Structure formats: structure tokens, C-alpha cells
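Notes for the one structure printed next.
Since every read-out is calculated from the coordinates, none of them should be taken as a lab result. As the structure is a computational prediction, the values presented were derived from the model and not from experiment. Methodologically, a virtual Cβ is constructed for each residue, glycine included, from the backbone with ideal geometry; neighbour enumeration extends over all protein chains shown.
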Ligand SMILES: NC(=O)c1ccc[n+]([C@@H]2O[C@H](COP(=O)([O-])OP(=O)(O)OC[C@H]3O[C@@H](n4cnc5c(N)ncnc54)[C@H](OP(=O)(O)O)[C@@H]3O)[C@@H](O)[C@H]2O)c1
């Protein structure tokens, strides 16, 4: 598995990262057993993936802990702190007090079976929550950093509600962030100009989420999204085959599937370090790890995707 540097962290990470959340949550989200979920993480490690992203709210920290037992030094662990109280609106203002955040990190360390977390993110932050995060939670995270319990500070956006990246755009003004998790895919490419050029300038590591999601993994979801985008005049319907809107990617490249093309599109975007793949299926995991290590899509395919979708910043592909 190819490795790369993760911005200023200096960590050496696999270009494919295993996401333990999203719709699949290692298969727990679709009825899989915890034992199966552990086997998905183990398969990722066996495939050479050393970057594992989890979160308290995914319910997968303990699964990761079981899978990495005895292999902790081979793995870069990324996990997250919620910023709003459990049971309240994720977009709301009932923030988690800093003292509770610190206590929850102790729980995460226990579940993960480790004495340190490599990257601790604030999870799914929207612009209205950012000042609270900066003023109250970042100092608490820095305290944990001084104690050696976390190594680097990360920030993830709530891409479904903020597909324009307004929160991360604000966060770029501050120097405390080592890593961002950014929504980017072939349908919403707006992070390219707004975030990825600037993270590269500031040497902030970038994790790419939403590379595939539902819209690019389920043909019926893609047809529905394209039809809605055409109805809302976000795209020019006359430029698509509405029965097979991305068929040209398979006709004009060596990609075997739209999923493969979607991961490759993200992997070769300048400024992206790790492409996360979220799956509960080991067959998908191995296909995706292989796709992420393949070469870029041909230039004309990438140019056509930029022409067709380059102006989109209001959908996530969820
Ligand atoms: N704000 C945040 O902090 C935030 C939000 C979202 C996600 N994340 C992180 O990002 C990670 C990636 O999540 P994502 O949802 O963006 O993942 P993704 O890789 O873009 O999409 C995953 C979806 O695609 C399906 N899929 C994957 N490979 C496939 C294949 N080869 N063929 C057909 N279907 C396939 C999966 O179903 P199967 O299980 O059937 O493969 C799953 O439904 C998450 O796990 C999480 O760690 C963070």
C-alpha cells in the first residue's frame, strides 16, 4: 500500500484510509455483527491500510480497539469529540462543556485500548459552533496534547449541511489545526478552490470523506440526484444521458465501475492526502484499496467532470 505524508503531522499514512462511520459503520449500520466489523478492520490492516478513522458516536471505537490489539504501533488512529450534547440537534448550540470533552477522551482511550490518539478531531462542526470550539474546546485539546494523550488536532465539517465549506473556510484563518476532514467528490468539487489550495499552503493534512457515499455507489440514487439537479437547474440536462449520466467514465477510461472512478478522482486531486473508504464489506474494501492505488482518470474525463459539475456547491451526494 502506497504511503504519503499527512501535512505537518509528519505521519506516514496509507493513501487509502478505513472509515468506521458513514452509512456502513463497518457493517454495523446494515445489520452486521461486531465480530464481522472487527474482521473488516483486520482485513484493512492486512491490506496495508494504516489509517483508521472512527468516532465515539459511530460506536466503533471498541471494534477498532479489538482489531488493533497487539498491532497498535502499526496504526494511525483518528477519532473525534462531539461538540454538541448527545440527544440534542447536531446543528444546535447545546455545546459539550470542555471538562466533559476531556473526560470523554479518557473513555475513547479505554475503548481503543491505547494510551494515545494520533489525531483527535472536533466532529461535524458547523460555522455557528466554530467560535465555541476555538475558544473552549481547542484549549482543552491542547492540554491533552501536552499530557501526551493526543498527538494532533483535527477538525471535520458537516458536509451534508455545509456543502459550501463555510466552517472550514473560517477555520483556515487559525493556526491550531493539523488536519482537516473535507467533503469532496466528483459531484461537489467546491473544496478544490475553497479549501484544498489553502490547506496545501498551510501544510494542513487532508482526509477526504464522501468520495462515493450513496450517490456514487447506488445507480438509482445517482439517477435520482441527477434528475433533481436538472430540475433545479444546477446542471445542464442537455449535456447528460439522463439514463446513464456517468457512463462516459466507463467508456472513456480504464475504470471498471463508477465507484472505482469516484475514488480515483479524489485520490489524484492535489491537496488530498488520504481518501477514506467506508464499508462493511471486505470485498468492497479490497476493490477500493486497489482503486485508490490506481493511476488518475484520463485528463479528458477529469476535464469533463469539471465542466459538468464544477459549479456545484449545494449537494453532498449523501
Ligand atoms: N463529519 C464527519 O466527521 C464525517 C462524516 C461522514 C463520514 N466521515 C468519515 O468518512 C468515512 C467515509 O465515509 P463515507 O460515507 O464518506 O464513505 P464512502 O467510501 O464515500 O461511501 C461509503 C458507501 O459506499 C458503499 N461502497 C463502498 N465501496 C463500495 C463498492 N466497492 N461497491 C459498492 N458500494 C460501495 C458503502 O457500502 P458497503 O458497506 O456495502 O460497502 C457505503 O454505503 C466514514 O467512515 C467516517 O470515518 C466523517
> What is the extension gain from residue 116 to residue 166, computed as 0.36 nm multiplied by their sequence separation minus the C-alpha to C-alpha distance, in nm to one decimal?
Replying inline: 14.9 nm
>> If you fit an axis through the alpha-carbon atoms of helix 219-231 and take the longest principal axis of the Cα set of the chain, what angle between them do you get, 0 to 90°, nearest 10?
In response: 70
> If the chain between residue 197 and residue 220 were fully stretched, how many nm would it gain, using 0.36 nm times the residue separation less the Cα-Cα distance?
Replying inline: 4.9 nm
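Defining a contact as two alpha carbons under 8 Å apart and six or more residues distant in sequence, what relative contact order in percent does the chain show? Can you show the working numbers first?
Numbers: 601 pairs, mean separation 68.1, N = 318.
After rounding, I find 21 percent.
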>> For Cα pairs less than 8 Å apart in space and 6+ apart in sequence, what is the mean separation divided by the residue count of the range 104-171, i.e. the relative contact order in percent?
In response: 43
> Suppose R0 equals 35 Å; then what is the FRET efficiency for residue 3 and residue 100 from their Cβ-Cβ distance, rounded to the nearest 0.05?
Replying inline: 0.45
> With springs only between Cα atoms under 10 Å, which of 197, 173, 164 fluctuates most in a Gaussian network model of the chain?
Replying inline: 173
>> Which of 294, 149 has the fewest other C-beta atoms within 10 Å, and how do the rest follow up to the most?
In response: 294, 149
> Once you treat every alpha carbon in the range 50-182 as an equal point and sum by Debye, what is log10 I(q)/I(0) at q = 0.14, 0.15, 0.17 Å⁻¹?
Replying inline: -0.59, -0.67, -0.87
> Packing-wise, with mean Cβ within 10 Å as the measure, how do 131-142, 179-190 rank, highest first?
Replying inline: 179-190, 131-142
> Highest mean first, what order results for 7-14, 220-227 on Cβ atoms within 10 Å?
Replying inline: 7-14, 220-227
> For the chain, treating each Cα as an identical point scatterer without solvent, what Debye log10 I(q)/I(0) comes out at q = 0.08, 0.12, 0.14 1/Å?
Replying inline: -0.34, -0.78, -1.08
> Using the alpha-carbon atoms, what tilt in degrees (0 to 90, nearest 10) does helix 98-112 show relative to the longest principal axis of the chain?
Replying inline: 80
> So how do 114, 79, 88 line up by other beta-carbon neighbours within 10 Å, fewest first?
Replying inline: 88, 114, 79
> Using alpha-carbon positions, what is the distance between the centroids of the range 261-282 and the range 212-258, in Å?
Replying inline: 18
>> What percent of all Cα-Cα pairs in the range 185-318 falls into each 10 Å bin, going from 0 up to the bin containing the maximum distance?
In response: 12, 44, 35, 8, 0
> Considering the alpha-carbon set of the range 1-86 alone, what are its Rg and its Dmax in angstrom?
Replying inline: 13.0, 39
> For the range 216-318, what is the relative contact order in percent, using Cα pairs closer than 8 Å and at least 6 residues apart in sequence?
Replying inline: 29
> To the nearest 10 degrees, how steep is helix 34-46 against the longest Cα principal axis of the chain, on a 0 to 90 scale?
Replying inline: 80
> Roughly how many nanometres apart are two label points built 7 Å out from the Cα toward the Cβ at residue 318 and residue 176?
Replying inline: 2.7
>> I'd like the FRET efficiency for residue 239 and residue 293, computed as 1/(1 + (r/R0)^6) with the beta carbon distance as r and R0 of 41 Å, rounded to 0.05.
In response: 0.85
> Ranked highest first by the average count of other Cβ atoms within 10 Å around their residues, in what order do 256-263, 58-65, 207-214, 105-112 fall?
Replying inline: 207-214, 58-65, 256-263, 105-112
